[in-house]
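The values are calculated or read from the model by the stated rules, or taken from the named source; none is laboratory data. What you are looking at is a predicted structure, and each value in this text was computed from that prediction instead of being measured. Glycine gets a Cβ as well: all are built from the backbone with ideal geometry, and neighbour counts include every protein chain shown. With ligands, DNA and RNA removed, areas are computed over all heavy atoms of the protein, side chains included. Shrake-Rupley method; radii C 1.70, N 1.55, O 1.52, S 1.80 Å.
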Amino acid sequence: SGSDSVLFRFSSTGKDPQDVAKCASGGEMSRIMLCLKAMMARYTNMPTMIFDEIDTGVSGSVADKMGSMICSMGAFMQVFAITHLPQVAAKGDAHYIVTKTFDGDRAISAIHKVTGKERVMEIARILSGSKVTPEAIANAESLLATSSRS
């Protein structure tokens, strides 16, 4: 009932571990959380894991590795990953877009699955922002091609 306390210590260099809450950057915290959740998921037989922007503070090759790690967890359970990173979004077996609109003072949320060219365009939008460029489309196609599972 709460008589124990736990302190997680962390060191990015392997020397002089400190309280993780005081020394880890946002990206380091995201990677630590993903590793802990991946271990919990594998050894506790959880049926579903939901990640809500666990990839915050990372980019590039680290995002790609995190996406692969999240995706590999799907072999043991159902995984939902909410992300704004194209490297992660391209890894999944399914891709859904959540939208929110307002009708007066009422918020309406909707979700729909994107596939094929629509998925390419969504990854390209994540890559380039409001103006989707031909380069972003080519990059999205490349990400999806290299991320697809056999």
- Message: Please list, ordered by chain and number, the residues whose modelled amide H lies under 5 Å from the amide H of F51; skip anything fewer than 5 residues away on the same chain.
- Response: F80, A81, I82
- Query: For segment 28-150, which whole-number percentage of the solvent-accessible area (1.4 Å probe, protein heavy atoms only) is attributable to carbon and sulfur atoms?
  - Reply: 57 percent
- So, with points 7 Å from each Cα along the Cβ direction, the S142-I111 label distance in nm works out to 3.2 nm
- Item | Nonlocal amide H pairs with V114, under 5 Å, H built at 1.01 Å | H95, Y96, I97
- Query: So which of K65/K113; K91/K117; K65/K91; K37/K91; K91/K113 end up more than 20 Å apart by C-alpha?
  - Reply: K65/K113
- Between the DSSP loop rule and a limit of at most 11 other Cβ atoms within 10 Å, which trypsin sites (Lys or Arg not before Pro) in segment 1-67 are left? K15
- Query: Among A81, I123, A138, whose Cα sits farthest toward the positive end of the charge dipole of the chain (+1 at Cβ of Lys/Arg, -1 at Cβ of Asp/Glu, about the Cα centre)?
  - Reply: A138
- Task: Calculate, for the chain, the solvent-accessible area per residue in square angstrom, rolling a 1.4 angstrom probe over the heavy atoms of the protein chains.
- Result: 67 Å²
- Message: Whole-Hz ³J(HN,Hα) for each residue in segment 103-108, computed from phi via Karplus 6.51 cos²θ - 1.76 cosθ + 1.60 with θ = phi - 60°, x for glycine and proline: what do you get?
- Response: 10, x, 9, 9, 8, 10
- Ranked by GNM mean-square fluctuation in the chain (Cα springs under 10 Å), the top entry among S25, S128, S109 is S109
